[in-house]
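The values are calculated or read from the model by the stated rules, or taken from the named source; none is laboratory data. Note that the coordinates shown come from a computational prediction; the quantities given were computed from them, not determined experimentally. Note that we place each Cβ from the backbone using ideal geometry, even for glycine, and neighbour counts take in every protein chain shown.
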């Protein structure tokens, strides 16, 4: 880890977060229902962009892979949505043939994340 590595992630993350806010704000204006369409769209778009990014870096820019990965994958797409990183992790696990751990990761991440959120809220209600 170097200072430059942290800067790549910081600058990319700031830009990705601004993009997420912009996309969700625009979609929110046209979404009259209760379904979180903005979050849904950002997650799907982020996963698609992660796929494009990984393929482009691996095939066209391997010599710059580390810096581009930090700036664009960890930074921009990490700020845009961590779901894209989660999707890449799952894909790589399936690609390596580790199906059971991949399924555990998918279901465990979703169920335990929702449970942890509820637990955090419960703690504040109980002790706050």
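For residue 82, work out the one condition from (1) out of contact with any helix residue (DSSP H, G or I) (no Cβ under 8 Å at 6 or more places or on another chain); (2) over 21 Å from residue 110 (Cα atoms) it doesn't fulfil.
Going through (1) out of contact with any helix residue (DSSP H, G or I) (no Cβ under 8 Å at 6 or more places or on another chain); (2) over 21 Å from residue 110 (Cα atoms) one by one, residue 82 breaks only (2).
Here are the criteria: (1) assigned by TED's automatic domain parsing to the domain that holds residue 13; (2) surrounded by 14 or more Cβ atoms within 10 Å (Cβ to Cβ). Tell me which single one residue 66 does not satisfy.
Exception for residue 66: condition (2).
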